[in-house]
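Values in this text are rule-based calculations from the coordinates and carry no lab data. What you are looking at is a predicted structure, and each value in this text was computed from that prediction instead of being measured. Here Cβ is always computed from backbone atoms with ideal geometry, including for glycine, and neighbour counts include all displayed protein chains.
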Amino acid sequence: MRVTFLGTGTSHGIPMIGCDCPVCRSDNPRNKRLRPSVYVENGDQCLLIDATPDFRTQALRANIRRVDAVLMTHTHADHMLGLDDLRVFCRRAGGKMPIYGSSHSIETIRRMFPYACLEKPEWPGMPSFDLHTVQAYQSFEISPTPIRALPLAHGRMTVFGFLLARDVAYITDCKTVPPDVVEAIRDVPILVLDALRDREHPTHLTIEEARGVAEQVGAKLTLFTHLCHEVEHEAVENRLPPHVRVAYDGMQLEVIHDDVRLLA
Ligand SMILES: [Zn+2]
Ligand SMILES: [Zn+2]
Ligand SMILES: [Zn+2]
């Protein structure tokens, strides 16, 4: 399984519009972050987790030629507003793009993109979604990849994390990770984890809280994502143990039989 980070920033992205702070003004490419999403290749299958407002830029940058299905963590704008741009991949996916998410996510997609949720698209070239509701802790398969939906508290909202084939756990936008989820992903080779900033936040893990979760899970490699402009890439990485790193846009890793290899 191969994972490519399309974006690793919080909802504003970095640089943030109109901000002159040192991180937003930094020349280090690792301090430039689009909205959070990953692209997962399992053999010749290609899955997208979340479709951000930056999806078009991300797809061009990563030279994405195929998306077979989309997994939705939740429907905050920074995770959902790129769904329209999937229209180019709908034909390839057999006319409709399969999208998996909680009942709340699926309802919100129906409300936000009614024109893409019709039985038949009104015009050729319009996006067309095939919506699938999954329950918390449900195991399902987007053949050939087994997936498990993991419920997480993000303020009052329940967000899904996803465990993909026991290779990668993607856990973003949460304040806590319940013990049952920790148990479900224990010792996974790659854990991607929300780590917004150092300062306390009501709906996101701080870097310190994320370190605590990383220790409990014991992944071979934990990668922090959804970072805001208060986080300078190198400064934070220097504080972390070697098995906990800060993800960056364009980062690419491969898992083969529990072994993790950094490709880019
Ligand atoms: Zn978010
Ligand atoms: Zn800034
Ligand atoms: Zn969110």
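At-a-glance table
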| quantity | calculated |
| --- | --- |
| Complete set of residues in the stretch 214-230 that are within 16 Å of ligand 2 (Cβ to nearest atom) and either crowded, with 23+ Cβ neighbours inside 10 Å or aromatic (Phe, Trp, Tyr) (or both) | 226, 227 |
| Residue satisfying all of: in the stretch 192-203; free of Cβ contacts under 8 Å to residues at least 60 places away in the same chain and crowded, with 20+ Cβ neighbours inside 10 Å; farthest from the chain's Cα centre (by Cα) among these | 195 |
| Selected residue [surrounded by 13 or more Cβ atoms within 10 Å (Cβ to Cβ), of a type in the set (A, V, I, L, M) and within 16 Å of ligand 2 (Cβ to nearest atom)] from 64, 49, 14 | 14 |
| Restricting the stretch 17-46 to residues that are basic (Lys, Arg) and surrounded by 24 or more Cβ atoms within 10 Å (Cβ to Cβ), the residue that is farthest from ligand 3 (Cβ to nearest atom) | 33 |
| Subset tally (residues that are in a strand (DSSP E or B), in contact with a Gly (Cβ under 8 Å, 6 or more places away or on another chain) and within 16 Å of ligand 3 (Cβ to nearest atom)) for the stretch 152-186 | 4 |
| Scope the stretch 141-188; condition over 20 Å from residue 46 (Cα atoms) and among the acidic types (Asp, Glu); matching residues | 173, 180, 183, 187 |
| Selection within the stretch 3-37 - among the aliphatic types (A, V, I, L, M) and touching a Phe, Trp or Tyr at 6+ places or on another chain (Cβ under 7 Å) | 6 |
| Matching residues in the stretch 33-49 - criterion: being touching a helix residue (DSSP H, G or I) at 6+ places or on another chain (Cβ under 8 Å), in a loop (DSSP other than H, G, I, E, B) and without any contact (Cβ under 8 Å) to a residue 60 or more places away in the chain | 35 |
| Test set (1) within 16 Å of ligand 3 (Cβ to nearest atom); (2) in a helix (DSSP H, G or I) - residue 73 fails condition number | (2) |
| Exclusive hit being part of a strand (DSSP E or B) and hydrophobic (A, V, I, L, M, F, W, C), set 205, 196, 191 | 191 |
| Unmet requirement for residue 10, which otherwise passes all of (1) within 16 Å of ligand 3 (Cβ to nearest atom); (2) closer than 15 Å to residue 142 by Cβ; (3) of a type in the set (S, T, N, Q) | (2) |
| Which listed residue, of 110, 92, is over 18 Å from the mean Cα position of the chain (by Cα) and part of a loop (DSSP other than H, G, I, E, B) | 92 |
